[in-house]
Amino acid sequence: MNFTSLFRRNTWKRLLLLPAIVVMCSFMLEPLTHSETIDPFAALKTRLIKDGFDRLPIRSFYSRPEVGFDKEGVSAYFLHCEETLDYSQFLTRSSIDRAIDYLGQHQGVLKQARSVYGVEEEVIGAIILVESRLGTSIGKRLVLNTLSTFAVLDDKDSRDSLWHSYLKDKTDRSKRQFDSWASRKSTWAYNELKAYLKYVKAEGLDPFSMRGSYAGALGIAQFMPSSVLEFARDGNRDGRIDLRDHDDAIESIANYLNRHGWGPTLSRDKAFRILLRYNDSKYYAETILKVAERLAKLCPR
Ligand SMILES: [Ca+2]
């Protein structure tokens with residue numbers, strides 16, 4: 001029996017079937033809904049699919065209720081001035097004491113990291129203290145939203161909206177400077193977004209399970225996703241790289257520094273330059289070295 005004959009014989013059934021047919025057709029044709037026409041990530045989804053990511057997961061991720069254009073996060077990054085961060089907070093006696101406790105709690109994996117990678121315990125401890133306050137502050141923003149928002153800042157309308165609604169009254173910098181910054185960040189963020197999607201797929205993680213900094217840095221070690229793919233290690237040998245785990249973070253930091261040239265007989269100047277690769281701030285690198293030196297003095301091996 002075909003639909004035509006069915007309709008002729010059963011008017012009441014036709015009324016019941018029509019909505020079902022409309023729904024079936026809507027799934028087959030996948031028309032754009034109103035929300036999709038104003039979706040800030042519509043072009044981004046198309047780009048990711050074009051670049052080889054599977055269509056269904058991408059569409060599924062970006063239809064989740066957690067998805068959003070993170071204006072506050074991007075604004076915080078633009079307005080953030082590294083020089084104004086109070087690095088002296090990490091050199092207080094209470095911070096150093098907490099770092100000493102941390103070295104004691106994780107001495108096994110830290111010793112192993114020094115043995116394998118040639119990176120001293122106190123250097124790793126100093127980095128974890130500064131990056132995430134010993135793992136207690138790893139960021140609150142959804143990494144997928146952060147990187148997706150930055151990635152679409154190549155779009156003039158997105159930049160203009162952000163500038164006029166959040167930034168122009170809070171900065172001395174010009175719109176031209178913001179456009180230049182946003183354009184660079186867009187290219188950077190798209191590559192980091194691709195790395196992030198590869199990472200969560202490889203590790204079987206929900207892409208919305210990971211929160212990070214307003215720059216999209218992940219976990220206790222605050223690695224960007226591209227660094228996770230290249231340098232992160234499974235320190236606790238549970239078969240999964242997860243930088244929210246201390247053992248994984250410790251071995252990953254050791255591997256990162258080792259791969260950038262860290263070794264047992266390193267000069268202070270060379271150490272400083274390697275730390276700039278981890279975080280491109282001279283204040284940061286100097287603080288790491290000072291904390292590590294203080295830890296080494298107070299907590300000799
Ligand atoms: Ca692990």
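Remarks
- Subset of the stretch 287-301 (residues that are in contact (Cβ under 8 Å) with a residue 40 or more places away in the chain and either over 18 Å from Leu110 (Cβ atoms) or in a loop (DSSP other than H, G, I, E, B) (or both)): Thr287, Lys290, Cys299, Arg301
- Selection status of Leu144, hydrophobic (A, V, I, L, M, F, W, C), in a helix (DSSP H, G or I) and closer than 19 Å to Leu243 by Cα: yes
- Within the stretch 107-126, the only residue that satisfies the criterion of being outside any helix (DSSP H, G or I) and either farther than 23 Å from Leu91 by Cα or not assigned by TED's automatic domain parsing to the domain that holds Phe231 (or both) is Gly118.
- Of all the numbered requirements in (1) closer than 30 Å to Leu91 by Cβ; (2) part of a helix (DSSP H, G or I); (3) not charged (D, E, K, R), Ser137 misses one, and that requirement is (2).
- Those helices (runs of 4 or more DSSP H) lying entirely in the stretch 163-276 with at least 2 residues touching a residue at least 40 places away in the same chain (Cβ under 8 Å) and more than 16 Å from the ligand (Cβ to nearest atom): 175-203, 246-259
- Verdict on Val291 being among the aliphatic types (A, V, I, L, M), more than 16 Å from the ligand (Cβ to nearest atom) and in the same structural domain as Val116 (by TED's automatic domain parsing): yes
- Test for Leu110: is it surrounded by 13 or more Cβ atoms within 10 Å (Cβ to Cβ) and under 16 Å from Lys290 (Cβ atoms): no
- Residue match in the stretch 113-131 (condition: under 30 Å from Phe208 (Cβ atoms) and surrounded by fewer than 21 Cβ atoms within 10 Å (Cβ to Cβ)): no
The values are calculated or read from the model by the stated rules, or taken from the named source; none is laboratory data. The model shown is predicted, which means the values in this text are computed figures rather than measured ones. Please note: Cβ atoms are built from the backbone with ideal geometry, for glycine as well, and neighbour counts cover all protein chains shown.
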